[in-house]
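Below is one structure, written out as structure tokens; the observations come after it.
The values are calculated or read from the model by the stated rules, or taken from the named source; none is laboratory data. Everything quoted here is computed from the prediction, not taken from an experiment. Here the Cβ positions follow ideal geometry from the backbone for every residue, glycine too, while neighbour counts run over all protein chains shown. Side chains are part of the model used for accessible areas, which takes the heavy atoms of the whole protein and leaves out ligands, DNA and RNA. Shrake-Rupley method; radii C 1.70, N 1.55, O 1.52, S 1.80 Å.
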Amino acid sequence: MISDNSQNIERKNKINLLEQKGLSPFLSSFKRSASIAECLADFTEGKKVSLAGRVMAKRLHGKANFIDIKDGSAKIQFYIREDQMDEESFWLFSQIIDIGDFVGATGELFKTRTGEPTIKVTSLKLLSKSLNVLPEKWHGLKDVEIRYRQRYLDLISNDEVKKIFIMRSKIIIKIREFFDSRGFIEVETPMMQPIPGGAVGKPFKTHHNALNLDLYLRIAPELYLKRLIVGGLDKVYEINKNFRNEGISTRHSPEFTMLETYTAYADYNDMMNICEELLIFLAQNILGKMEISYQGRTMDLRRPWKRVSFAKLLKDNYDINPEDSTEEFINKLKKKGKALPVLDRIKGTLSRSQILNIITELFEPESLNMPVFLVDWFAETCPLAKRRKDNPFLAERFELFLGGLEIGNAYSELNDPIEQRKRFEEELNELAPDEMHRLDDDYIKTLEYGMPPTGGLGIGIDRLVMLFTDVASIREVILFPLLKPQED
């Protein structure tokens, strides 16, 4: 929607002036000889170039005038003199062009007395008229709500924001390079699923009209990726969008991006190795070092990484044992005052596994100076993971923490169809009436054909980008985070 303040009205009037002269305020194309960054990298005084971009500043100094132009790669200034360009070009500059407009120019490269790379413009064209005024130059766009809601203005005004999303792109490119070079196959699995599965989470529900079928946006791709392992694709990965109809916070978004990867003939120890190798590869290739600095902490990625037992943490802090009853869990928690916020949520008829999932929030290792693998999870919290042979109350699972953020989750995958059916049935018994769905018989049937020993790993891309860009909120690394509609 175009505002109607005086500057906007003036800009619309300029469109009328253009049309009276038979000129279009919105051209179809402009032939550039290079991007601004390419021009600066191969700068030769006297060289003729054609460049284009958005006007970011306009400085009038009598006969000698300057405008700063910015494209997606860099910024450069145009030097404007009436006696060095055609009449139409100078009229456009002096009467029509405003900050925010897109322009294209042809001219000759030179450097000013201060050494500033500049184009001496001989021909100037208006490519697209901006009808709204950009945020004030010196202060940028600061309002968080506007920044997220109008991300395009955020990108125009704040170069640091653009760097975050360029970094995000580099991270995803390098993740693909890492797995492709190790013989993994990138695959795609359904985002709409008849049965939500592969993780704990409340799904978004939709309906397919042609099939008259209720479907769910996926909460995880896990069960489909493991079908591919059964099918003989021994090493697969997917960079995927997932959706969970739950709360929003600085660490949680209802729509988020995950890396999930599965390797046949591997277990969770092998996935720890992959985690270490992947994070070190990303740090070396993107940051150029073996350290990540996040929110005032510097974490050394050199191996080996620390392993901490979740079961031991519960034992040492609350005297809770994996074989304790639900009542014993709660009674022991009540003895510790700092657990009261968790106890406030343990109400009604929550199951043992649901209570355990709440209790896990008491322990997110600070990992002040190195990554931490949190191992020895209670088996009830991971129905898709193998139990440890030496202690069936614990699962072959880990979560990876860096800088206090949970980054990854991995299992030795359960490949026993009889045990898997039993666990699915237990899960269904714990669901609320509005969350009920049918048991995934097709996945059980898949396992009945035989799945080799398999290690699986999921890593949150959004949180990984938070770490590499040193930002505290997940909304800063998602281009268009979900927001409430604006009130009229």
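Residues that are at pLDDT below 95, touching a helix residue (DSSP H, G or I) at 6+ places or on another chain (Cβ under 7 Å) and open to solvent by less than 40 Å² (accessible area, probe 1.4 Å): find the helices (runs of 4 or more DSSP H) completely inside region 233-338 holding 1 or more of those. Write out each step before concluding.
Numbers: elements: 268-282, 310-318, 326-334.
It comes to 310-318, 326-334.
Evaluate the following for Gln95: is it open to solvent by less than 70 Å² (accessible area, probe 1.4 Å), in contact with a Lys or Arg (Cβ under 9 Å, 6 or more places away or on another chain) and touching a residue at least 24 places away in the same chain (Cβ under 8 Å)?
When the stated conditions are applied, Gln95 does not pass them.
Please work out which one of (1) under 20 Å from Lys162 (Cβ atoms); (2) not in a loop (DSSP other than H, G, I, E, B) is the condition Ile99 fails and give its number.
Here Ile99 meets the rest and fails (2).
If I filter region 151-169 down to residues being surrounded by fewer than 16 Cβ atoms within 10 Å (Cβ to Cβ) and of a type outside the set (A, V, I, L, M), which single residue comes out as nearest to Ile239 (Cα to Cα)?
Going through the qualifying residues, I end up with Ser169.
Go over the candidates Ile156, Ile172 one by one and state the one that is in contact with a strand residue (DSSP E or B) (Cβ under 8 Å, 6 or more places away or on another chain), within 28 Å of Lys484 (Cβ to Cβ) and not in a loop (DSSP other than H, G, I, E, B).
Details: Ile172 fails: within 28 Å of Lys484 (Cβ to Cβ).
Ile156 is the lone residue from the list that is in contact with a strand residue (DSSP E or B) (Cβ under 8 Å, 6 or more places away or on another chain), within 28 Å of Lys484 (Cβ to Cβ) and not in a loop (DSSP other than H, G, I, E, B).
Please tell me if Ile219 is in a loop (DSSP other than H, G, I, E, B), closer than 22 Å to Leu414 by Cα and open to solvent by less than 30 Å² (accessible area, probe 1.4 Å).
Details: in a loop (DSSP other than H, G, I, E, B): yes; closer than 22 Å to Leu414 by Cα: yes; open to solvent by less than 30 Å² (accessible area, probe 1.4 Å): yes.
So Ile219 fits the description; yes.
Can you find a residue in region 10-23 that is over 26 Å from Pro135 (Cβ atoms), more than 35 Å from the chain's Cα centre (by Cα), among the aliphatic types (A, V, I, L, M) and exposed (fewer than 13 other Cβ atoms within 10 Å of the Cβ)?
Among the residues of region 10-23, not one is over 26 Å from Pro135 (Cβ atoms), more than 35 Å from the chain's Cα centre (by Cα), among the aliphatic types (A, V, I, L, M) and exposed (fewer than 13 other Cβ atoms within 10 Å of the Cβ), which makes the answer no.
Condition check: under 25 Å from Pro203 (Cα atoms), of a type in the set (D, E, K, R) and open to solvent by less than 10 Å² (accessible area, probe 1.4 Å). Does Asp441 satisfy that?
Values: under 25 Å from Pro203 (Cα atoms): yes; of a type in the set (D, E, K, R): yes; open to solvent by less than 10 Å² (accessible area, probe 1.4 Å): no.
It is false that Asp441 is under 25 Å from Pro203 (Cα atoms), of a type in the set (D, E, K, R) and open to solvent by less than 10 Å² (accessible area, probe 1.4 Å).
Here is a list: Tyr449, Tyr443, Tyr411. Which entry is hydroxyl-bearing (Ser, Thr, Tyr), at pLDDT 95 or above and either under 25 Å from Ala311 (Cα atoms) or touching an Asp or Glu at 6+ places or on another chain (Cβ under 9 Å) (or both)?
Numbers: Tyr449 fails: either under 25 Å from Ala311 (Cα atoms) or touching an Asp or Glu at 6+ places or on another chain (Cβ under 9 Å) (or both); Tyr443 fails: either under 25 Å from Ala311 (Cα atoms) or touching an Asp or Glu at 6+ places or on another chain (Cβ under 9 Å) (or both).
Of the residues listed, the single one that is hydroxyl-bearing (Ser, Thr, Tyr), at pLDDT 95 or above and either under 25 Å from Ala311 (Cα atoms) or touching an Asp or Glu at 6+ places or on another chain (Cβ under 9 Å) (or both) is Tyr411.
Between a residue in region 181-199 that is modelled with pLDDT under 95 and any residue that is among the acidic types (Asp, Glu) and crowded, with 19+ Cβ neighbours inside 10 Å, which pairs come within a Cβ distance under 8 Å, given they are 6 or more apart or on different chains?
Going by the 8 Å Cβ cut-off, the qualifying pairs are Ile195/Asp440; Gly197/Glu222; Gly197/Asp440; Gly198/Glu222; Ala199/Glu222.
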